[in-house]
1. Is it the case that the stretch 122-132 has a residue that's open to solvent by less than 10 Å² (accessible area, probe 1.4 Å), at negative phi and part of a helix (DSSP H, G or I)?
2. Identify, please: which residue in the stretch 88-120 is free of Cβ contacts under 8 Å to residues at least 60 places away in the same chain and in a loop (DSSP other than H, G, I, E, B) and is, among those, farthest from V177 (Cα to Cα)?
3. Determine which single condition Q249 fails, assuming it passes every other condition in (1) out of contact with any Leu (no Cβ under 8 Å at 6 or more places or on another chain); (2) in a loop (DSSP other than H, G, I, E, B).
4. Kindly indicate whether I285 is within 23 Å of I33 (Cβ to Cβ), hydrophobic (A, V, I, L, M, F, W, C), touching a Phe, Trp or Tyr at 6+ places or on another chain (Cβ under 6 Å) and buried (at least 19 other Cβ atoms within 10 Å of the Cβ).
5. Considering the stretch 10-31 alone, what residues qualify as being under 28 Å from I91 (Cβ atoms) and either touching a Leu at 6+ places or on another chain (Cβ under 6 Å) or open to solvent by 40 Å² or more (accessible area, probe 1.4 Å) (or both)?
6. List every residue pair whose Cβ atoms lie under 7 Å apart, where the two residues are 6 or more positions apart in sequence or sit on different chains, the first residue falls within the stretch 154-166 and is under 18 Å from Y117 (Cβ atoms), and the second residue, located anywhere, is part of a loop (DSSP other than H, G, I, E, B) and open to solvent by less than 10 Å² (accessible area, probe 1.4 Å).
7. Of the residues F172, F176, which single one is within 21 Å of A286 (Cβ to Cβ), at pLDDT 95 or above, of a type in the set (F, W, Y) and open to solvent by less than 80 Å² (accessible area, probe 1.4 Å)?
8. Specify the residue that is modelled with the lowest pLDDT; the eligible residues are those in the stretch 288-329 that are of a type in the set (K, R), surrounded by fewer than 17 Cβ atoms within 10 Å (Cβ to Cβ) and not in a loop (DSSP other than H, G, I, E, B).
Amino acid sequence: MIGVEITNIAYYIPKADYSVIRNVKSLNKKKIIEKTGINKKYKTTENELATDIAIKAVLKLKKNKHLDNIDYLIYCSQSPDHVLPGGSSKIQNSIFKEKKIPCLDINLGCSGFVYCYSLAQSLILGNIAKKILIVTSDTYSKFIDNKDYKSLSIFGDGSSATIVESSSKNGFKSAFVQGTDGSGYHDLYIPNSALNKNKKFLGNRKNKLYMDGYKVFQFSINRIPKVINETIKSNNLSEKKINKIILHQANKNIIDSISKLSKLDKNKFIYYLKYGNTTSSSIPIALYNSIKEKKIEKNYNILICGFGVGLSWSSTIIKISKRLTINIY
């Protein structure tokens, strides 16, 4: 049976200090750090774009010819260099000599990686592609007002590059639980950006990120525990067969709350907030480092679940292949 496997992951974190302790002007910053689990994180420089750090992540995979035979490129970002064209064309031109590789841009944030993975699986099972490169990159720091301590204390910039391949021996075909509650699209957005010039908007900060933290939190704790349990059932697995759970690394408080409400073993939930909330890259970064630190081993069943902007969610199960552990170790 043809299935898919993730065979390699790389990521890149920019160098500019964006830590909470240094950048958040609040008397309660220590309490904020304790609640969110986030302090040390980084941002891009003024002239550094999302595609620039995306390319740096991809280049880490170029060693040992890991990028050979890539036949599809999916790029996920909500920090576009331009309104058009999509950033995938710039990435392809910078990395690949082969100029016929199909490229696709996905405008999604925190749920983006899992959505891209579902698309990659569909393309492979549909015999459209055999080896797909998923690239995620976001630079939310460029949209955050320096006085918005709530957003400033959570988000960090980062990028990732993941290879998904067709496999008849080690492949795994998973079911997905996905959805969108568009009634909350104003709960996390950038007003007056792109072509929408409506002067009436929430947040009172033109072209700056607006987040209704309470509503995003309520969405997360009300929706995602159900999504997690539905994902396990949809894949015909029991809780015992799930070795680890990697949620979108929004912040410690949200992961704690979802873990408790899901009624699953709290020790199965992975926390990796070293670089803050890196939106679309948080799951692959957490996956990479969990394998690196041997918290995740080959043949583990990992539930991954992204949720956020939209308000959207996407969840599935991946099986850790031997090749992935070899490439990361």
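1. So in the stretch 122-132, the residues open to solvent by less than 10 Å² (accessible area, probe 1.4 Å) come out as 124, 129, 132.
Subsequent filtering for residues that are at negative phi retains 124, 129, 132.
Filter again for part of a helix (DSSP H, G or I), leaving 124.
Yes, there is a match, as at least one residue in the stretch 122-132 is open to solvent by less than 10 Å² (accessible area, probe 1.4 Å), at negative phi and part of a helix (DSSP H, G or I).
2. K97
3. The single condition Q249 does not satisfy is (1).
4. On the way: within 23 Å of I33 (Cβ to Cβ): yes; hydrophobic (A, V, I, L, M, F, W, C): yes; touching a Phe, Trp or Tyr at 6+ places or on another chain (Cβ under 6 Å): yes; buried (at least 19 other Cβ atoms within 10 Å of the Cβ): yes.
Yes; evaluated as a whole, the condition is true for this residue.
5. Within the stretch 10-31, the subset under 28 Å from I91 (Cβ atoms) is 10-18.
Listed by number, the residues that qualify are A10, K15, D17.
6. Matching pairs, first to second residue: G158/T278; A161/L61; I163/L61.
7. Details: F172 fails: at pLDDT 95 or above.
After applying the criteria, what remains is F176.
8. First, the residues of the stretch 288-329 that are of a type in the set (K, R): 292, 294-295, 298, 319, 322-323.
Cutting the leftovers down to surrounded by fewer than 17 Cβ atoms within 10 Å (Cβ to Cβ) gives us 292, 294-295, 298, 322.
The next check asks that each one be not in a loop (DSSP other than H, G, I, E, B); those that pass are 292, 322.
Details: K292: 98, K322: 94.
My answer is K322.
The values are calculated or read from the model by the stated rules, or taken from the named source; none is laboratory data. Quick caveat: nothing in here was measured; it's all calculated off a predicted structure. With ideal geometry, Cβ positions are generated from the backbone for all residues, glycine too; neighbour counts draw on all protein chains shown. We work out accessible area using only protein heavy atoms, side chains counted, and drop any ligands, DNA or RNA first. Shrake-Rupley method; radii C 1.70, N 1.55, O 1.52, S 1.80 Å.
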